[in-house]
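Take a look at the structure set out below.
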Amino acid sequence: MAQIESGCAVLSQESRPRIAVLPELVKNQIAAGEVIERPASAVKELIENALDADARHIVIDLAEGGVSLVRVVDDGIGLQAAELELAFASHATSKLREVSDLDHIATLGFRGEALASIGSVARVRLLSRPRGSELGAEINNEGGRLTALREAGAREGTTIEVRDLFFNTPARRRFLKTPATELGRCLDVIQRLALANVGVGFVATHEGRRLFDVEASMDLRERVRRAFGAELAQALAPVDARDGSLSLTGFVAPPRLSRHDSGRQMWFLNGRPLRDKVLTRVLKDSYRGFLIEGRQPVAFLALSIDPAQVDVNVHPAKAEVRFRDERRMFGFLVHHLRQAVSTTDMSTPGGALLERAERRGDEALARTLVPAGTATLRWSTAQTGTDTAAEVPLVRDVIPLRSPAARHGATEPPVAPADAPVMQIARTFIVRALEDGFEILDQHALHERITFEGLKRDLESRHMETQRLLVPEVVDVSRVHVGLCVEHRQALERLGILVEPFGATSVAIHGLPARVKRADPAGLVRDVLELIEERGVAPTSEKVLEEVLHRAACRASVMAGDALTEDEMRALLAQGAGLESDQTCVHARPTRVRFTLADLEKAFHRR
Ligand code: ADP
Ligand code: MG
């Protein structure tokens, strides 16, 4: 050092170096910014510690949204008195010894940062009595300053109290939202961890009021019911699949219960809730064709993987992971999830329509002064008016009086007896009797799905049969479209569409897919050309192909307004039943509304 100084005039001029190694406390406070952003992050870290300590029962008490108090009490293995001080040191952990341990991490924690971080930005009390030991001990950490260790009476397990979060880092405190918002985030964390850890009981309170609780013995469906209500819990369809060391269990919800946000899309990996782009895509693919654009599916899924097959050390909060064999996993997951989704009941429950009409009726009654005697009239068919079946599932706050699933106690849609009476209404709808109720089907929507699936099969098997028109149909189109016709002639041919330019602003249609018998050729070809123009790509990518088929199916399908004989209706229903799913049309709108006996009894005030 002295040698360098003497050899360098510039250095000797400087009185004090500008660079200095930060004191431990400042380091921890900075690290805390990554790990502890808000009360919910403390809740997460403390519950994870309890779970790592083999707790069977965890109590979480909060005050002021967690800002003034987060207390987590567990019945886990506890800490030895000699370990209490060390637990607050940074990079001090009992879960990892060397870098190679990272390859097979089976605990939720391993970075040894959480307690050090929390201790540096709050007033913390740590009290613990190891399992099987007579004595407990306690230590306090006031924003990084440890008090002396002392003996203390304690139950087996560990209690950590975190008070006045960010009391010594006011800048950070200012970023907190209202207590209600912070509380919401804490609750979200607690519920996710409770769903991820079947076998562990949880109780959460806020200022003495019980927020949420599950008993250790409750399974995943019961936990979902506690967190999100009976309607969702009952409508869930189970998934259970295995491939070597990889297993997938859990539930998917029917598309009609989808949401605007992905908040009820929960993945758990070996007990760790996580958000992961790949898994989000998996779900999107699994619901493709069943879900209206922009809606997010609801699902609760637990993955169990050999820890060596996944890297959890990608993110300080460990909410993201990296899978080693992503491709294979993707295929496996989508296959099994899609199967489960197609078994869910996708019909619009009649109960939802009734409830909605009833509510509207009440509002109408409140608005107009009606004679007292009519106030008991709560439901009339006129009030459903122009409500479309498609609108109903989008209404978030509608809870069916009794969903079909609730009645059957099963998640699969009821099957109609083969000889169930059918009738057509207004040349648009088909009504079919069920064992205990009836359903109304939209004939166009159903036929569209049938045609679409047929076209898709033809395309996949490269067996698109083309029917030549006896007389080519000439259609006026723009110059651009004539150009597109020439450019994409082969791709169109693969789709069974034969077109040739016919002058500068028209094309001649020579043939169409045989399956689209009733098509309006001009309309179909215009649709397809528009689509190619809009997308700016050849109609060869899977997505564009599907859209072309959508339009073809739509043009070719039984329209509202076609009279059908009983045989035709039965044939249509039978074709539908043979598909993977006939419960939604190709635009993912439901094809049917179903009324159960319970709905009817309710409508007639029999219950
Ligand atoms: P990490 O969980 O990454 O190891 P933490 O800072 O969260 O780091 O915890 C430090 C250590 O303190 C843990 O490794 C564990 O040994 C101990 N510890 C923390 N919380 C508990 C608890 N509730 N029960 C038993 N031991 C605990
Ligand atoms: Mg931890």
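How many percent of DSSP beta bridges within segment 24-214 run antiparallel, rounded to 5?
Percent antiparallel among DSSP bridges in segment 24-214 is about 85.
Here the 3J(HN,Hα) profile of segment 242-247, calculated from phi with Karplus coefficients 6.51, -1.76 and 1.60 at θ = phi - 60°, is 9, 8, x, 7, 9, 9 Hz, Gly and Pro shown as x. Overall, the accessible surface of the chain at a probe of 1.4 angstrom is composed of carbon and sulfur to the extent of 52 percent.
Adding -39500 (n - 2.57) for every DSSP H run of four residues or longer, then dividing by how many residues the chain holds, sets the calculated 222 nm ellipticity at -11000 deg cm²/dmol.
Sorting 348-356, 416-424 by average packing, meaning the other beta carbons within 10 Å per residue, from highest down gives 348-356, 416-424. Distance between the C-alpha centers of segment 107-148 and segment 150-214? Whole Å please. So the separation of the two Cα centres works out to 15 Å.
Any chance you could check the Cα centroid distance between segment 261-275 and segment 439-499 for me, in angstrom? Their Cα centres are 41 Å away from one another.
For ASP436 and ALA577, what is the calculated FRET efficiency with R₀ set at 30 Å and r taken between the beta-carbons, to the nearest 0.05?
Values: r = 19 Å, r/R0 = 0.63.
That pair, ASP436 with ALA577, gives E of 0.95.
For GLY201, the residues whose amide H sits under 5 Å from its own are HIS57, ILE58, ALA216, ignoring neighbours fewer than 5 places away on the same chain, with H placed 1.01 Å from N. When DSSP beta bridges are restricted to pairs lying wholly in the chain, around 85% turn out antiparallel.
Rounded to the nearest Hz, the phi-derived 3J(HN,Hα) couplings of segment 189-200 under the Karplus curve 6.51 cos²θ - 1.76 cosθ + 1.60 (θ = phi - 60°) are 4, 4, 5, 4, 5, 5, 6, 6, 10, 4, x, 10, where x marks glycine and proline. For THR428 and LYS95, the FRET efficiency from 1/(1 + (r/R0)^6), where r spans their Cβ atoms and R0 equals 51 Å, is about 0.20.
Taking only alpha carbon atoms, the chain gives an Rg to Rh ratio of 1.09, where Rh is the Kirkwood radius. Per residue, segment 278-351 exposes an accessible area of 41 Å² to a 1.4 Å probe, with every protein chain left in place. Considering only segment 227-342, what is the antiparallel percent among its DSSP beta bridges, to the nearest 5? Around 80 percent of the beta bridges assigned by DSSP in segment 227-342 are antiparallel ones. Using θ = phi - 60° in the Karplus curve 6.51 cos²θ - 1.76 cosθ + 1.60, the 3J(HN,Hα) couplings for segment 169-181 round to 10, x, 4, 6, 4, 5, 7, 6, 8, 5, x, 5, 5 Hz; x is entered for Gly and Pro. For the listed peptides 148-158, 113-123, a ranking on the average number of other beta carbons within 10 Å per residue, highest first, reads 113-123, 148-158. Which residues does a label at THR147 reach in segment 39-79, if reach means a backbone N under 19 Å from a point 7 Å past the Cα toward the Cβ? The answer is 68-73, 79, whose backbone nitrogens lie closer than 19 Å to the label point. Amide H contacts under 5 Å for ALA122: GLY143, GLY144, PHE166, restricted to partners 5 or more places along the chain or on a different chain, H placed in the peptide plane at 1.01 Å from N.
Can you flag which of LYS27/LYS95; LYS44/LYS95; LYS44/LYS277 are past 19 Å Cα-Cα? Table pairs above 19 Å Cα-Cα are LYS27/LYS95; LYS44/LYS277. Extension gain for SER304-ALA563 works out to 87.9 nm (0.36 nm per residue, less the C-alpha to C-alpha distance). Assuming R0 = 56 Å, can you tell me the calculated FRET efficiency for the pair PHE167 and SER245, based on Cβ-Cβ distance, to the nearest 0.05? After rounding to 0.05, the efficiency reads 0.75.
The amide H of LEU269, built 1.01 Å from its N in the peptide plane, has LEU274, LEU303 as neighbours under 5 Å, considering only residues 5 or more places off or on other chains. The order of LEU211, LEU236 by accessible area, most exposed first and with a 1.4 Å probe, is LEU211, LEU236. At a probe radius of 1.4 angstrom, the accessible area of segment 449-538 per residue rounds to 54 square angstrom.
The values are calculated or read from the model by the stated rules, or taken from the named source; none is laboratory data. Keep in mind the model is a prediction, meaning the values are calculated, not measured. Cβ atoms come from the backbone with ideal geometry, glycine included; neighbour counts cover every protein chain shown. Surface areas here come from the heavy atoms of the whole protein model, side chains and all, with no ligands, DNA or RNA. Shrake-Rupley method; radii C 1.70, N 1.55, O 1.52, S 1.80 Å.
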